[in-house]
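Let me begin by presenting the structure, written as structure tokens, before commenting on it.
The values are calculated or read from the model by the stated rules, or taken from the named source; none is laboratory data. Just so it is clear, the structure is predicted and the values come from calculations on it, not from any experiment. Cβ coordinates were reconstructed from backbone atoms using ideal geometry, including for glycine residues, and neighbour counts include every protein chain displayed.
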């Protein structure tokens, strides 16, 4: 079995040898941000946008760390883990405030951030599975008010995703005061009257890199698209629903809360956007 190599604080080492302090604030408080970049045949896709979002998150939390070197770390991890020829993989990185005696306020004296990263192969959705479509449920929003920060504090997301698993569907959608927000680990879109609609990029959702790219694809294909607040009732009456994300790509939802979405099959707009996305990420 191949040894998995990870990156920790400047070193590349086998995953079994990686050690993080029990006083690390990422462990104690989820005082950390993370980022995940998709890679196709070893090539990271939209890397600069992902690193820019990581830098924004670090700046918001006032964690001093330089994200620029992480571009090279990703390439190195992909190479060391023999992922250059992998159809689909992900480069994950996480930066915490560092290790310090436990207290809620920031450490009085500067500490070095903890920087951890890994790369692993993913199983891409097959065409046959995509054609069958996926299911989702809606759940009341229980997250904090800064979902735009990609923090490692994901317990509400974990509980919501577990609820989806127990409902035998793939996704859960957060609903805040009757308004659609996003999924547990991806952004959600609805096709309403021929218009692609997604929640606005406020503090209540993650400003998804794939979300923004999908809106650009809509513009390129001449598909009407708008960012606006919309209700759960509108979602339930949508002609099409799909999710976007680093590992989700563009994925159709054909069942919501036990009821079919539209025709109960992936819709034409979802199909067009998925095909355009796959063309964009294809090597060459």
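List of remarks:
- Qualifying positions in region 156-179 - in a strand (DSSP E or B) and under 16 Å from residue 245 (Cβ atoms): 171, 172, 173, 174
- Scanning region 212-236 for residues that are in a helix (DSSP H, G or I) and either closer than 13 Å to residue 180 by Cβ or touching a residue at least 60 places away in the same chain (Cβ under 8 Å) (or both) gives 212, 213, 214, 217, 232, 233, 234, 235, 236.
- Subset of region 59-92 [in contact (Cβ under 8 Å) with a residue 60 or more places away in the chain, within 21 Å of the chain's Cα centre (by Cα) and closer than 19 Å to residue 247 by Cβ]: 77, 90
- Candidate set from region 185-206 (those that are touching a helix residue (DSSP H, G or I) at 6+ places or on another chain (Cβ under 7 Å) and surrounded by fewer than 22 Cβ atoms within 10 Å (Cβ to Cβ)); member that is nearest to residue 44 (Cα to Cα): 185
- Residue selected from region 48-73 under the condition in a helix (DSSP H, G or I) and touching a helix residue (DSSP H, G or I) at 6+ places or on another chain (Cβ under 7 Å), by the criterion surrounded by the fewest Cβ atoms within 10 Å (Cβ to Cβ): 49
- Flag for residue 16 being at pLDDT 95 or above, on the phi > 0 side of the Ramachandran plot, surrounded by fewer than 18 Cβ atoms within 10 Å (Cβ to Cβ) and not assigned by TED's automatic domain parsing to the domain that holds residue 211: no
- Lone qualifier among 39, 30 - being within 18 Å of residue 114 (Cβ to Cβ) and touching a residue at least 40 places away in the same chain (Cβ under 8 Å): 30
- Taking the criterion of being assigned to a helix (DSSP H, G or I) and under 27 Å from residue 34 (Cβ atoms), the residues of region 237-284 that qualify are 273, 274, 277, 278, 280, 281.
- Residue in region 172-183 that is within 17 Å of residue 35 (Cα to Cα), outside the structural domain of residue 32 (by TED's automatic domain parsing) and touching a residue at least 24 places away in the same chain (Cβ under 8 Å) present: yes
- Count - residues of region 128-150 that are under 18 Å from residue 203 (Cβ atoms) and in contact with a helix residue (DSSP H, G or I) (Cβ under 7 Å, 6 or more places away or on another chain): 4
- Which listed residue, of 109, 131, 87, is within 30 Å of residue 188 (Cβ to Cβ), surrounded by fewer than 20 Cβ atoms within 10 Å (Cβ to Cβ), out of contact with any strand residue (DSSP E or B) (no Cβ under 6 Å at 6 or more places or on another chain) and outside the structural domain of residue 267 (by TED's automatic domain parsing): 87
Listed here are the residues, each with its yes/no results for (1) surrounded by 17 or more Cβ atoms within 10 Å (Cβ to Cβ); (2) modelled with pLDDT of 95 or more; (3) under 23 Å from the mean Cα position of the chain (by Cα).
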site	(1), (2), (3)
230	yes, yes, yes
233	no, yes, no
241	yes, yes, yes
248	yes, yes, yes
256	yes, yes, yes
261	yes, yes, no
271	yes, yes, yes
